[in-house]
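All remarks here apply to the structure that follows.
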Amino acid sequence: MTVVLVILGAAFGAPLRYLTDRLVQRRHDSVFPWGTFVVNVSGSALLGFLAALPSGHLAPGTVIGTAFCGAFTTYSTFGYETVRLIEDRSYLFGAMNALMSIVAGLGAAYTGMALAQAITG
């Protein structure tokens, strides 16, 4: 059953990442990778939320969180886009992408965890 949950989570996470990335990036006329930023920050919030749920509230939460969020978020694209920005001499955007992604991702994970704890008491 665990393998099936991992497959289903990844099967939904990867296409949703692609669609979200394209939707967000089309709305911004900028070289900054807003699409990747949005999926990584929102995925961090969701994984933080799922990880902080007490066992019993969502038994397969860790598997779903790992599979779905693992397929939805993308560290490799974040790394590639940051390097690409620097190679294209967009140093400010490259630095902003690295710093904002780390700070916002950690903040989102913390917020997700705090929300889960507040809801479950």
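The values are calculated or read from the model by the stated rules, or taken from the named source; none is laboratory data. All figures in this text were calculated on a predicted structure; none of them were measured in a lab. Here the Cβ positions follow ideal geometry from the backbone for every residue, glycine too, while neighbour counts run over all protein chains shown.
In the list Phe32, Phe78, which residue meets the criterion of being at pLDDT 95 or above, surrounded by fewer than 21 Cβ atoms within 10 Å (Cβ to Cβ), part of a loop (DSSP other than H, G, I, E, B) and in contact with a helix residue (DSSP H, G or I) (Cβ under 6 Å, 6 or more places away or on another chain)? After applying the criteria, what remains is Phe32. On inspection, Glu87 does not qualify as among the charged types (D, E, K, R), out of contact with any Leu (no Cβ under 9 Å at 6 or more places or on another chain) and under 16 Å from Ala104 (Cβ atoms).
Exactly one residue out of Val83, Val38 is of a type outside the set (Asp, Glu) and closer than 21 Å to Ala14 by Cβ, and it is Val38.
Every listed requirement among (1) at pLDDT below 95; (2) surrounded by 19 or more Cβ atoms within 10 Å (Cβ to Cβ); (3) not polar (S, T, N, Q) is met by Phe72 save one, (1). For beta carbons closer than 7 Å, sequence separation of 6+ or different chains, a first residue in segment 70-85 that is basic (Lys, Arg) and a second that is crowded, with 20+ Cβ neighbours inside 10 Å, there are no qualifying pairs.
If I ask for residues that are part of a helix (DSSP H, G or I), of a type in the set (Lys, Arg) and without any contact (Cβ under 8 Å) to a residue 24 or more places away in the chain, which ones from segment 4-29 would you list?
Arg22, Arg26
Would you check which residues across segment 100-115 are surrounded by fewer than 18 Cβ atoms within 10 Å (Cβ to Cβ) and over 18 Å from Gly35 (Cβ atoms) and list them? Val103, Leu106, Gly107, Tyr110, Thr111, Ala114, Leu115 - these are the residues of segment 100-115 that are surrounded by fewer than 18 Cβ atoms within 10 Å (Cβ to Cβ) and over 18 Å from Gly35 (Cβ atoms).
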